[in-house]
Amino acid sequence: MENYPSLVTLILFIPLIGFVLNLFVGPRLGERLSSILGTTAAMLSFGVAVLLWTYLRGSGYESAVVNPPFLDGWIQIGSANVSIPWQLRVDTLSVTMMLVVTGVGSLIHIYSAGYMHGDARFTRFFTYLNLFLFFMLILVTGNNFLMMFVGWEGVGLCSFLLIGFWFDRPNGVGWKNSNAARKAMIANRVGDFGVLMAVFLMFWTFGTLDYYRPGEITNAELTGHETASAVSEGGHEAAPAEGEHAAAPAEGEAATTTEGHGTPEIAGPVFTDNEHIPTAQLGVFGQAERMVKENHQVSFGSFSLPIDTVLVIITLFMLLGATGKSAQIPLFVWLPDAMAGPTPVSALIHAATMVTAGVYMMCRSNVFFFNAELTSFIVAIIGATTAIMAGYIALGQWDIKKVLAYSTVSQLGFMVAAVGVGAYGAAMFHLVTHAFFKALLFLGSGSVIHGVEHGHHLAHERAHDAHGHDAYDAHGDAHGEEHHDDHPFDPQDMRNMGGLARKMPITFITYVIGTLALAGIFPLAGFWSKDEILADSWLKGFEGGSFLSSAGGFIAFVLLLVAAGLTAFYMWRQIEMVFFGSARSEAADHAPESVFSMTFPLIVLAILSIFGGFINTPSNVLGLENIFTAHNFTEWLEHSIVHAHAAPFQPGIALVALGLAIAAIFAARSIYGQGKSSHVADHDPLIDRIPSGGATIFGMANAKLHWDENYFRFIENPFNKMSQFLANTVDWRFWHDYFHDTVIGKGFVGISQILAKPVDLGIIDGLVNDVGSVVKWISNRMRVVQTGYVRTYAVSVLLGVVLVIVILILPALQR
Amino acid sequence: MLHTTDFVILSAVLFILGAMGVLLRRNAILLFMSVELMLNASNLALVAFAKQWNQMEGHLFVFFVIAVAAAEVAVGLALIVAIFHSKNSINVDELHQMEG
């Protein structure tokens, strides 16, 4: 049992192995084996996650920190006292995320095998999916913020790769796709700057990045209660009832360090809190709690700030990161464009898992947010505003996936707002249920698009059969290929659909279930989670304690309530446009139901969307707590999210929200139902129904509130203009021309002139030439000696001999 | 009885004649013969002195000179033939390609 948490290493390794295998041998395996490989990796990871879940249940929800058998000390700088270990954390929060990521991930892998069938880069797709799982699992299992950041960047990369997966589509579609990928990358970089700043500031303040150190107790309050029931986090070996644990004295040496084991000795002191640990040895959250209690001042060299202020700054930077990854105002603009990716990617990355990373980070850092009142207020406002804004934009979209994309932004706004009002448990609850029904809706929309594309294809073949066969077959087989048409056909445009309920019954039924769950209809998953967020913000308004938190609670409550109504309206509008009425295009008329590998995940997710809410039923509703036990999920999370708390059920709010949702559904039915859904050329029925202002309301939503245009107008264009000014005027005119030309260029030319003309030509060349001409002059004089005539030489020899003789004889004569 | 001085005077006269021949003649054969004349003039002087001093070294040198002269003739005549082949003349004044 002690080494059980070490399994968490496997959950990282399995997708990594799947990724490596698919990367190197995938193309040779062929579609079938490659998809089996990828899917198996995801499903095995899910198995591991389930094992970890059972472990946590069996061990009294003890958090565990695992040192994997590699990368022991990850970043260590002795002189600077930096030590960032590569440790994996198994606690209720991380296991929840693991279950969602691998569970929904497995289903989407299965679905992809059907959806991507025939794609030219089929194996590449599974390679990327497994890589994504790997990074997402690093993100959720890391025990420090830097590991989280590694995963954070990794999933960003995978998101980029998968949004731009069809970068080579013809007719400019490929450009649109890769631009969307770049947009996601750049918007996320802005957010990542915030995360990095938060991490740096945290490191400066606490000297560590670990969430909790091994041996630390996460939630002291719970431990205090549970010591009595002999299942304590603080040292279960000491408990007499746990006989088998007492016989394992060497467990301290195992790779796993179970938190709360103060000392490896048997019957060591039982700690129910962290008071015995010095502040410097606590993780960031433990230190933050203690510093807040002691009113600690954080020194920044020349000045110091109280810990409360520092926490506000840290959390604000984190919020910036979350607005990037979790698509909140002002950085959400990338998410709707990210729908350029294949639909399974939209389901997995851009609805169920990656985009919830920001919410996960904020829930993980609940201690910070709990102690930063100002940030919590801002978070609540941003979340609620995003929820209502995106919900409104979704009203005016015709693209089936764009509606879901804005819906995702809106639902993420719910989660962020929940964090803002301190309902961390509710935020995670909504994260989980949303993963179910939004993945379901995206996969359903993928099934619809797939069906319409096939229908389009079939309709075309029939038309071509009439004219006799031509080159069509050569182009027709690749799925999703842009057809070389006289008029472009958009298989995602809901105005081209209608009447699909009869053609695609399984897709239809599951889609309606997903819609009802998302709209918050009792007793589906979305009802419970959305209601808990609403109830929590309502209660926060009353019990906030200060003006700021009360205001945040009430504002969030009102905005979210309206957003919930909008949700029901735009979702039912979609149902009417897609499934009811009569087919508005030949393609929709010929759409077939999708294959089993695509409908199977839909069915599973539909079941989860129906029953997923019961993991956290409140305590006083219709006696449900007797079946499912109340606040299960929140209590489970309390073991890792210190400030998660269960809110009592608010029947009034629940009824109002439910009534609003049902009213919105009927409103949508009366506007769009009975075949009133529009053709491509028509007005939207909303405009006809509300004569005054309807056009404006719809137009604004259809134009997405001009967010992109305003980004261009207020950020990109000024930025481009400034860059041009800096480049052309400042750099070229002043810096480049003046300094480079005048000082460097002219100075260099001047020195070269001096060196070249007087020095080189004058002195050096002159000297050499003079020596040369002297030699030449002498040799010109000398050459006359060499006449070439033999007799001249003979004369000189004779003269020489005479000379020698004279020299020899002269002295003798003188003697 | 002839005195050594007579021989030396004769030798000197012959040598000067040879030297004048070398310097003044243009025909390579005659040039060559003049050289031989100079060699034999020196031979005469050597023999004369050897007789005067009654020593054999002089004779020895004469034989050396004769041997060297023979070798020289072989080489020299070959050269002259070669020159004649290329120039069709043995006028040494025509051989001034080495002029500086």
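Being outside any helix (DSSP H, G or I), without any contact (Cβ under 8 Å) to a residue 60 or more places away in the chain and under 18 Å from A:PHE134 (Cα atoms) narrows it down to one residue among A:LEU21, A:LEU44, A:LEU71; which is it? Before the answer, list the steps.
Numbers: A:LEU21 fails: outside any helix (DSSP H, G or I); A:LEU44 fails: outside any helix (DSSP H, G or I).
Just one listed residue meets the conditions, A:LEU71.
I'd like the residue in the stretch A:292-306 that is under 13 Å from A:MET202 (Cα atoms) and in contact (Cβ under 8 Å) with a residue 40 or more places away in the chain and, out of all such residues, is surrounded by the fewest Cβ atoms within 10 Å (Cβ to Cβ). Please lay out each step first, then the result.
Taking the stretch A:292-306 and keeping what is under 13 Å from A:MET202 (Cα atoms), we get A:298-300.
Still in the running and in contact (Cβ under 8 Å) with a residue 40 or more places away in the chain: A:298, A:300.
On the way: A:VAL298: 19, A:PHE300: 12.
Within the stretch A:292-306, the match that is surrounded by the fewest Cβ atoms within 10 Å (Cβ to Cβ) is A:PHE300.
For the structure I just gave you, tell me whether A:TYR4 is crowded, with 16+ Cβ neighbours inside 10 Å and more than 16 Å from A:GLN87 (Cα to Cα). Full working, then the answer.
Details: crowded, with 16+ Cβ neighbours inside 10 Å: yes; more than 16 Å from A:GLN87 (Cα to Cα): no.
So A:TYR4 fails the test.
Enumerate the helices (runs of 4 or more DSSP H) found wholly within the stretch A:295-370, keeping only those where 1 or more residues are farther than 30 Å from A:TRP707 by Cβ. Step through it out loud before you land on a result.
Values: elements: A:307-325, A:334-337, A:343-347, A:357-364, A:366-370.
Once the helices (runs of 4 or more DSSP H) in the stretch A:295-370 are filtered for at least 1 residues that are farther than 30 Å from A:TRP707 by Cβ, what remains is A:307-325, A:366-370.
So in the stretch A:86-105, with the set limited to residues that are under 17 Å from A:VAL359 (Cα atoms) and polar (S, T, N, Q), which one is surrounded by the most Cβ atoms within 10 Å (Cβ to Cβ)?
Going through the qualifying residues, I end up with A:SER94.
Checking the condition surrounded by fewer than 24 Cβ atoms within 10 Å (Cβ to Cβ) and either hydroxyl-bearing (Ser, Thr, Tyr) or modelled with pLDDT under 95 (or both), which residue from A:LEU209, A:LEU222 passes?
On the way: A:LEU209 fails: surrounded by fewer than 24 Cβ atoms within 10 Å (Cβ to Cβ).
Every option except A:LEU222 fails the conditions.
Looking at this structure, is A:LEU316 surrounded by fewer than 24 Cβ atoms within 10 Å (Cβ to Cβ) and of a type outside the set (S, T, N, Q)?
Details: surrounded by fewer than 24 Cβ atoms within 10 Å (Cβ to Cβ): yes; of a type outside the set (S, T, N, Q): yes.
Judged against the criteria, A:LEU316 is a match.
Counting residues that are aromatic (Phe, Trp, Tyr), closer than 29 Å to A:PHE24 by Cβ and under 22 Å from the mean Cα position of the chain (by Cα), which helices (runs of 4 or more DSSP H) fully inside the stretch A:115-231 reach at least 3? Steps first, please.
Details: elements: A:122-141, A:145-163, A:173-206, A:220-228.
Passing ranges, in order: A:122-141, A:145-163.
Conditions tested, residue by residue: (1) aliphatic (A, V, I, L, M); (2) within 18 Å of A:VAL312 (Cα to Cα); (3) surrounded by fewer than 22 Cβ atoms within 10 Å (Cβ to Cβ).
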site: A:ASP168; (1), (2), (3): no, no, yes
site: A:GLY172; (1), (2), (3): no, no, yes
site: A:ALA181; (1), (2), (3): yes, no, no
site: A:MET185; (1), (2), (3): yes, no, yes
site: A:ARG189; (1), (2), (3): no, no, yes
site: A:LEU201; (1), (2), (3): yes, yes, yes
site: A:TRP204; (1), (2), (3): no, yes, yes
site: A:GLY215; (1), (2), (3): no, no, yes
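Give all pairs with beta carbons closer than 6 Å in which a residue from the stretch A:434-450 that is in a helix (DSSP H, G or I) meets a residue that is aromatic (Phe, Trp, Tyr); count only pairs at least 6 apart in sequence or on separate chains.
Within 6 Å, the pairs are A:LEU443/A:TYR111; A:GLY444/A:TYR511; A:GLY446/A:TYR115.
Quick one: is A:ALA551 surrounded by fewer than 24 Cβ atoms within 10 Å (Cβ to Cβ) and farther than 23 Å from A:LYS402 by Cα? Reasoning before the result, please.
Working: surrounded by fewer than 24 Cβ atoms within 10 Å (Cβ to Cβ): yes; farther than 23 Å from A:LYS402 by Cα: yes.
So A:ALA551 passes the test.
Only residues that are crowded, with 24+ Cβ neighbours inside 10 Å and either over 19 Å from A:VAL562 (Cα atoms) or charged (D, E, K, R) (or both): list them for the stretch A:402-422, please. Show your work before the answer.
Within the stretch A:402-422, the subset crowded, with 24+ Cβ neighbours inside 10 Å is A:403-422.
Scanning the stretch A:402-422 gives a single hit, A:GLY422.
Identify all residues within the stretch A:781-808 that are modelled with pLDDT of 90 or more and either farther than 19 Å from B:GLY21 by Cβ or in contact with a Gly (Cβ under 9 Å, 6 or more places away or on another chain) (or both); write none if there are none.
Answer for the stretch A:781-808, where residues must be modelled with pLDDT of 90 or more and either farther than 19 Å from B:GLY21 by Cβ or in contact with a Gly (Cβ under 9 Å, 6 or more places away or on another chain) (or both): A:ARG781, A:LEU803, A:VAL804, A:ILE805, A:VAL806, A:ILE807, A:LEU808.
Filter the stretch A:371-384 down to the residues that are closer than 20 Å to A:LEU93 by Cβ and either surrounded by fewer than 23 Cβ atoms within 10 Å (Cβ to Cβ) or within 11 Å of the chain's Cα centre (by Cα) (or both) and list them by number.
Across the stretch A:371-384, the qualifying residue is only A:ASN371.
Name the single residue that is nearest to A:PHE522 (Cα to Cα) among those in the stretch A:643-656 being buried (at least 21 other Cβ atoms within 10 Å of the Cβ) and within 29 Å of the chain's Cα centre (by Cα).
Result: A:ALA646.
What about A:VAL140, is it over 22 Å from A:SER106 (Cα atoms), touching a residue at least 40 places away in the same chain (Cβ under 8 Å) and either of a type in the set (A, V, I, L, M, F, W, C) or touching a Lys or Arg at 6+ places or on another chain (Cβ under 7 Å) (or both)?
No.
What do you reckon, is A:ARG57 in a helix (DSSP H, G or I), basic (Lys, Arg) and at pLDDT 85 or above?
Values: in a helix (DSSP H, G or I): yes; basic (Lys, Arg): yes; at pLDDT 85 or above: yes.
Taking the combined requirement at face value, the residue satisfies it.
Kindly provide the set of residues from the stretch A:566-587 that are of a type in the set (Gly, Ala, Ser), surrounded by fewer than 24 Cβ atoms within 10 Å (Cβ to Cβ) and within 19 Å of A:TYR672 (Cα to Cα), ordered by number. Show your work before the answer.
The first filter runs over the stretch A:566-587 and keeps only residues of a type in the set (Gly, Ala, Ser), leaving A:568, A:581-583, A:585, A:587.
Checking which are surrounded by fewer than 24 Cβ atoms within 10 Å (Cβ to Cβ) leaves us with A:581-583, A:585, A:587.
Those that are of a type in the set (Gly, Ala, Ser), surrounded by fewer than 24 Cβ atoms within 10 Å (Cβ to Cβ) and within 19 Å of A:TYR672 (Cα to Cα): A:GLY581, A:SER582, A:ALA583, A:SER585.
Consider A:ILE671 against the criteria (1) in contact with a Pro (Cβ under 9 Å, 6 or more places away or on another chain); (2) over 22 Å from A:ASN616 (Cα atoms); (3) in a loop (DSSP other than H, G, I, E, B): it satisfies all of them except one. Which criterion is unmet?
Going through (1) in contact with a Pro (Cβ under 9 Å, 6 or more places away or on another chain); (2) over 22 Å from A:ASN616 (Cα atoms); (3) in a loop (DSSP other than H, G, I, E, B) one by one, A:ILE671 breaks only (3).
Could you pull out the residue among B:LEU30, B:LEU2 that is at pLDDT 90 or above and either surrounded by fewer than 16 Cβ atoms within 10 Å (Cβ to Cβ) or not hydroxyl-bearing (Ser, Thr, Tyr) (or both)?
Details: B:LEU2 fails: at pLDDT 90 or above.
Every option except B:LEU30 fails the conditions.
Taking A:MET428 as the residue in question, decide whether it is under 23 Å from A:MET148 (Cα atoms), in contact with a Cys (Cβ under 6 Å, 6 or more places away or on another chain) and not hydroxyl-bearing (Ser, Thr, Tyr).
Values: under 23 Å from A:MET148 (Cα atoms): yes; in contact with a Cys (Cβ under 6 Å, 6 or more places away or on another chain): yes; not hydroxyl-bearing (Ser, Thr, Tyr): yes.
Yes.
The values are calculated or read from the model by the stated rules, or taken from the named source; none is laboratory data. None of these values were measured; they are calculated from a predicted model. Don't worry about glycine lacking a Cβ; one is built from the backbone with ideal geometry, like all the others, and counts go over all protein chains shown.
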